[in-house]
1. Mind pulling the angle between the C-alpha long axis of helix B:415-441 and the longest principal axis of chain B? Nearest 10 degrees, somewhere in 0 to 90.
2. Keeping the other protein chains in place, figure out the carbon and sulfur percent of the accessible area of chain B, with a 1.4 Å probe.
3. Could you give the distance between the Cα centres of the stretch B:545-602 and the stretch B:163-205, to the whole Å?
4. With unit charges on the beta carbons (Lys and Arg positive, Asp and Glu negative) and the dipole taken about the Cα centre of the protein assembly as shown, which residue among B:589, A:62, B:214 sits farthest to the positive side?
5. Please report, in debye to the nearest 20, how large the charge dipole of the stretch C:10-160 is about its Cα centre when each Lys and Arg carries +1 at its beta carbon and each Asp and Glu carries -1 there.
6. Averaging sequence separations of C-alpha pairs under 8 Å and six or more residues apart, then dividing by the length of chain D, give the relative contact order as a whole percent.
7. To test your reading of the geometry: what angle, between 0 and 90 degrees and rounded to tens, separates the Cα axis of helix A:249-260 from the longest principal axis of chain A?
8. When the label point is put 7 Å from the Cα of residue A:245 along its Cα-to-beta-carbon vector, which residues of the stretch A:321-341 have a backbone N closer than 12 Å?
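The values are calculated or read from the model by the stated rules, or taken from the named source; none is laboratory data. Every value quoted in this text rests on a predicted model; they were computed, and no experiment measured them. Cβ: placed from backbone, ideal geometry, glycine included. Neighbour counts: every protein chain shown. To get the accessible areas, we keep the full protein, side chains included, count just its heavy atoms, and leave off ligands, DNA and RNA. Shrake-Rupley method; radii C 1.70, N 1.55, O 1.52, S 1.80 Å.
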Amino acid sequence: MKGWMGKSRIFFLLSLLALLLAGCGKENLSALKPEGYGAETSMDLIILTAVIMLFVFAVVLLVYTIVLVRFRKKKGDKEFVPKQVEGNKTLETIWTIIPIVLLLIIAVPTVIATFDLADKSQAEEHLNVEVTGNQYWWHFNYEGKKIQTSQDLYIPVGEKVYLNMKSSDVIHSFWVPSISGKMDVNPTNVNTMFIKANEEGVYYGKCAELCGPSHSLMDFKVIAVSQEEFDQWVNDMQNVDPKAKPGSTVAQEGKTLFQENNCMGCHAIGSSPAQVAPNLTNFGDRTKIAGVLEPTKENLVKWIMDPESIKEGNKMTGKYPDVSKEEAGKIAEYLMQLQPSDITPEDAKENNK
Amino acid sequence: MSTAVTQKRSFGAVLWDYLTTVDHKKIAHLYLFGGGLFFILGGLEALVIRIQLMQPQNDFVSAGLYNEMLTMHGTTMIFLAAMPLILGLMNAAVPLQIGARDVAFPFLNSLGFWLFMFGGLILNCSWFLGGAPDAGWTAYAPLSTTSPGHGVDFYVIGLQIAGAGTLIGGINFLVTIINMRAPGMTYMRMPLFTWSSFITSVLILFAFPALTIGLFLLMFDRMFGSAFFDVSLGGNEIIWEHLFWIFGHPEVYILILPLFGVFSDLFSTFAKKRLFGYTAMVFATMLIAFLGFMVWAHHMFTVGLGPVANSIFAIATMAIAVPTGIKIFNWLATMWGGQIKINSAMLWALGFIPTFTIGGMTGVMVASVVADYQYHDTYFVVAHFHYVIVGGTIFGIFAGLHYWWPKMFGRILNEKLGYLTFWTFFIGFHLTFFIQHFLGLMGMPRRYWVYLEGSGLDTGNLISSIGAFFMAFGVIVFFYNIVYTAVKGEKAVDDPWDGRTLEWATASPPEHYNFKQVPLVRGLDPLWVEKTEGKGTMTPAEPLGDIHMPNGSFLPFLMSLGLFIAGFGFIYHMDYNWAYILLFGGMAMLLGCMLTRSLKDDLGHHIPKEELEREAD
Amino acid sequence: MSDHSLNPEVMPNEPEKATLEGKNKFLGFWFFLGGETVLFACLFGTYIALRNSAAGGPTENELFGLELVFLMTILLLTSSLTSVYAVYHMKNNNFKKMQLWLGITALLGFGFLACELYEFTHYIHEYGFTFRSSAFGSAFYALVGFHGGHVTFGLTWLIALMIRNAKRGLNLYNAPKFYTFSLYWHFIDVVWVFIFTVVYLMGKVG
Amino acid sequence: MSDSTNSNQVNPYQKEKNKEEMKKQLITFALMIAFTLIAFGIVVSGAMDKMFVIPVLIILAVTQVGFQFYYFMHLKDKDHGMPAFMIYGGVWAAVLTLAGLGVITWW
Ligand code: HEA
Ligand code: HEA
Ligand code: CUA
Ligand SMILES: [Cu+2]
């Protein structure tokens, strides 16, 4: 077997593959394509450390290769007793000092960045959103604005937005890879972090802390729109009339069914502080149903009839009377037309797509 | 000699022998058997994980079952596979390396094994009794305290029992190494494997109590209505995270340090050189262990501890790279100028260096707090820890097994099969885990049952899953090798590798008293010293005399069984009254055995000098 | 160790460490205590983190009275001294006196336990303060109860030792057992010193 | 143990030494009681400022425990290197644990 030759070839192939893959991470999901302040800060450190690590690895691999090529007992070599070396002070000092220096190079920017991202001194001048993590959905309460939404978080682009996060049940973790690193959402305390998107767009958010069966389905979106669009959105949302009559009769029937089937017991429409279930005020503008399904009527009917088949262990299953397919269709009709604002995810022009 | 006798004995006799043995070599066999069994289980769970993730939105297993798989995979691999395999190697080699006839507490040694075995069994019984634990191997509260069913109860009880066994094992090795060394075997002449076993035992001693308490609190919350992690009654779930990681981080060094020892012994043996910078190696190991206690919060960077705590823990974590680097370079320097003989054992050791270095370097990368905000709880971390755990611990266990197999079983593992195992496993390993670094950065959190279509994660996951099957193939070849060797294997001589340390001065496999006469140690690498400066064999340090040996005992098995039964009582007492019978019955059994043990004097037996003389011919 | 007379003509000054088995036990037990230190530290840490989490229930200041705690402290401290006396007589190879002092130690230990039980029932009945009433309650009973459990175990161990060896007298086989017991007993006392400081005194101070 | 004298008793020199040792133990005990009294005294009297009480209490406890370890448990003796090492190790791990749970679980 060609020991080191085989090995280095594997490494070469693997790194090639890696580069290839790195190129095609999904837009607005990949941490490798930072679009926000936190993600950029992290990316700088990732690159810095990766470069240093590559250097260290190269050194190790070089010595390793030399050792294997030169000192390997090849076929036909005579057995001999090598010199029994005890050690070498100089060498050992060198490979103690150099790593220390390299680590200092990493440590200093790390500490600076850590304090930078933890800085909350400007929180009051900016938009504050109270974030609540729930099994398995997210709730956003725009502090002082009387706006409550779930699943989709609208923010103005280029502005810091402070998130004050707390969980209503188990630990979750708020992560929007392309905008910012994650922060845990604990039941005992409020954690504050800020996010800032550099460009308009719909960014994919994930729950990153195991929180039960549907942990992998606890997705959400951050929608960064321009400041004007955001202001308009705020305005629209503040003027929602939950009592407004839906346009079509089907939707109207849907609305009645929605009330009759106990849906209102948990779901709020309008700025109600109730947080048992997702607030549906702007449900018609959602990019996904329950965070994961494409927003089609079919899917919505499926969800209403049997949420368990979509999100195992969700807290809606079994909490309302059975609804027929027809009824569900009507409810769906009603919910899908809840589009109180002209500002929708479409307005966050998705770049490069 | 002993193998020939064994073959003639009936199966029942052999079984009874193993159930009652207190001989460290047989206990090593038991540990290897138990650990191997659980390794296969954990590996099969890993395969289920990889099959589920082979394509987006797969439904090979349900979401709940997936969480059970990943929890049991992590828990099984760490506590029931890696730890016992390591303890198996320690039992097999340490007493021999220091020239002792047995460990300090043979009875406790056996008790430690049975506790581990029954703890592991109880944990795995959960599969058949309503579902396995599903809160991750880290069992973060309140997910773990609110998880329905009994899964997490099994986790708590199983780990508590197995953990007690490990703690006992740790104390046993500490005392053994301090008190039982042969004349002349000073601390600074101990082989590195013994040294690292010693330091690992210290880690076990100080780390496991944190787990014990954590598990107690979890148990109280789940079974007795206390409120440690219940926010509504003032509880604080972060306490669990601290306790778990105060244990958990030292635990990962418990998993790696003994194997650093194995590699040190191997490199010097197969390069035919003494270990380069022996003193530095010893102190580096100590430093790693020492620092290992001050870094636990690097698993909690995103918890919200604040920038001060995060910075301190980040720097402490990075510091560990320095002593570890010293080790890597000293190993390279050991081989430099030597005559490196490559065989299956050495292949694992050589494969370890680049693999572990990558893992260690990603470790330093995740230690960089703000970068970790991205890495944390993603596949990047999964990649990191499999690189160090599989690339370090599992490679090391394979290396150690190939190296000591002839000493343990009297036969040499087949080389061709050994090569095949190594290469398929090695290639499969890198295929599986290298790509995961990028998956993590591309937005794939860990513990995800599915990833959505169109997330750009498909190819990477497919490659990763294919790699896992390569590894599975390698493992199967290894098990085939064991069977093949047992049937057709080449008989091993006492010293097949031109060894340097004391274990190679005994028979393969050694007599149950190890050394007829305790050897006199005249330097580092004592056997090598005798080979180059003496007559090639160890000089005895004492005249031939009676040998005092401990008696076998069935009590350790019974005690563990008692706890096993009581464990079920604890788990089910909330639902059924009959469970109290189990609870009290099991405890009574345990206490009864303890009482028997302490009231009945057990002074051991002597092997008379005459018999030893007779055996000599 | 080929000489297996465990009843030598002359007792060595440190009978607990005269055999290899004894030395092993001695060392192993100390290590165990090292582990116990961490064990209790975790409980103390939990207690400190949760001592203000009474969740509306009774708080430290309302609950604790110092008289009983003082009495318990004196009982346990004294029992530590009496076990020192026992070891003193062991070194002088005076088995009878050793048993006597061990007996006194046991009595003091029982006194301590009785006080603790009284204290717990008092809290439960007077204040409804239980293991389940709040995180503070859980942490309090876990820490103090764990210590109490250690005392109980120690007493059981001591009595088993005294009865088992009453007829046999001191020898090199059981001397390490007596000695390790005394170490254990001192350790329990050490933990208590921290309990009365951290739990009761600091609880009173606030 | 084979090379001992023929007397049936403990040798008188040792006995004397043991006695002296015992005297030291008694002094230790007296000090421990004194420390305890001071600790309780401070709290009961409420004389001291809150700021100082807690550190003082802890210092008292640590000293008292030191006595317990060094004298009652003989940690001071020569052949107690390893036990001492392990206890220090335990104390070190304990202090870290306390720091972890006591300081950084609070926000
Ligand atoms: C065998 C087990 C093992 C080992 C040895 C290590 C070693 C290290 N680990 Fe790892 N780690 C785990 C097992 C292990 N880890 C596990 C299981 C987890 C996840 C647990 C879970 O969440 O489930 C984890 C998670 C983990 C995290 C948390 C990540 C997260 O969840 O966000 C961090 C963060 O700092 C970390 C860091 C390190 C570091 C710095 C080392 C260092 O010790 C590495 C040192 C080695 C080197 C650096 C290479 C050699 C050195 C040189 C060649 C010298 C020159 C080098 C430099 C100058 C850099 N590890
Ligand atoms: C010692 C520790 C150890 C070891 C050796 C392994 C080995 C492997 N691990 Fe894992 N792993 C962990 C410790 C370990 N792991 C931990 C702690 C976690 C975190 C859990 C958590 O999040 O809580 C984890 C999580 C984890 C994940 C992430 C799951 C998730 O987050 O959703 C994945 C995914 O790929 C994975 C894969 C693998 C694979 C493919 C192997 C392979 O190397 C396995 C190779 C072995 C085999 C494939 C067995 C082959 C045997 C047979 C085929 C049977 C043959 C039969 C006979 C001979 C009779 N592991
Ligand atoms: Cu919420 Cu995972
Ligand atoms: Cu760690």
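1. The angle comes out near 30 degrees.
2. Numbers: 12440 of 17890 Å².
The computed percentage sits at 70.
3. For the stretch B:545-602 versus the stretch B:163-205, the Cα centre distance is 27 Å.
4. Result: A:62.
5. Numbers: 8 positive and 10 negative charges, 120 e Å.
The calculation lands at about 580 debye.
6. Details: 25 pairs, mean separation 23.2, N = 107.
Once normalised by length, the contact order is 22 percent.
7. Once rounded, one gets 80 degrees.
8. none
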